[in-house]
1. Quickly run through region 60-78 and pick out the residues that are polar (S, T, N, Q) and open to solvent by 20 Å² or more (accessible area, probe 1.4 Å).
2. Regarding region 55-67, can at least one residue be identified that is without any contact (Cβ under 8 Å) to a residue 24 or more places away in the chain, closer than 14 Å to Tyr2 by Cβ and aromatic (Phe, Trp, Tyr)?
3. Can you find a residue that is more than 17 Å from Arg15 (Cβ to Cβ) and surrounded by fewer than 16 Cβ atoms within 10 Å (Cβ to Cβ) anywhere in region 79-89?
4. Return the residue satisfying two criteria in turn: it lies in region 68-108 and is under 11 Å from the mean Cα position of the chain (by Cα) and in contact (Cβ under 8 Å) with a residue 40 or more places away in the chain, and of such residues it is farthest from Leu27 (Cα to Cα).
Amino acid sequence: SYDVPLKPLDSKVERKETDFVFLREYLRRRYPQHFVPPLVFTKEKWETTSLKKKEKYFTRFLINILRNPDLRGSYFLHEFFSMDERADFDQVLSMRLKETMPSKLSEYFTLSGMANTRSHTTSWQF
């Protein structure tokens, strides 16, 4: 697991790499109208410099998520930051895995209560 410092929040979160992958996929499916930043992976697995790089990348990833007000308002993101006990967080993960994602535009919510969508003039082709 990685200790990822969050200077804007003056805190630190300890999570596994798979937790970050799950967080990204969850936010991407829950908020498809928003860009969720990608995760950067290094090829080296367990070298000290590689671990420090990954912690830095994960910190950037979380800071970029926090810049978006809708993503910042995600309940799962709050759980991701606030749960210290691994067993409790694992329960939340299993609960989130069973959660059904919105499938209709009317099921998407933002802080303003409406889904913000944009389409391009050529979007009818898709």
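1. Step one: list which residues in region 60-78 are polar (S, T, N, Q), which gives 64, 68, 74.
Answer for region 60-78, where residues must be polar (S, T, N, Q) and open to solvent by 20 Å² or more (accessible area, probe 1.4 Å): Asn64, Asn68.
2. Taking region 55-67 as the starting set, the residues that turn out to be without any contact (Cβ under 8 Å) to a residue 24 or more places away in the chain are 56-57, 60, 67.
Cutting the leftovers down to closer than 14 Å to Tyr2 by Cβ gives us 56-57, 60.
Now narrow it down to the ones that are aromatic (Phe, Trp, Tyr): 57.
Yes.
3. Start the filter on region 79-89 by keeping residues that are more than 17 Å from Arg15 (Cβ to Cβ), which leaves none.
No, region 79-89 contains no residue that is more than 17 Å from Arg15 (Cβ to Cβ) and surrounded by fewer than 16 Cβ atoms within 10 Å (Cβ to Cβ).
4. Applying the filter and picking the extreme gives Phe81.
The values are calculated or read from the model by the stated rules, or taken from the named source; none is laboratory data. A quick note: this is a predicted structure, and the numbers were derived from the prediction, not measured. All Cβ positions, even for glycine, are placed from backbone atoms using ideal geometry, and neighbour counts span all protein chains on display. Surface accessibility is based on the protein's heavy atoms, side chains included, excluding ligands, DNA and RNA. Shrake-Rupley method; radii C 1.70, N 1.55, O 1.52, S 1.80 Å.
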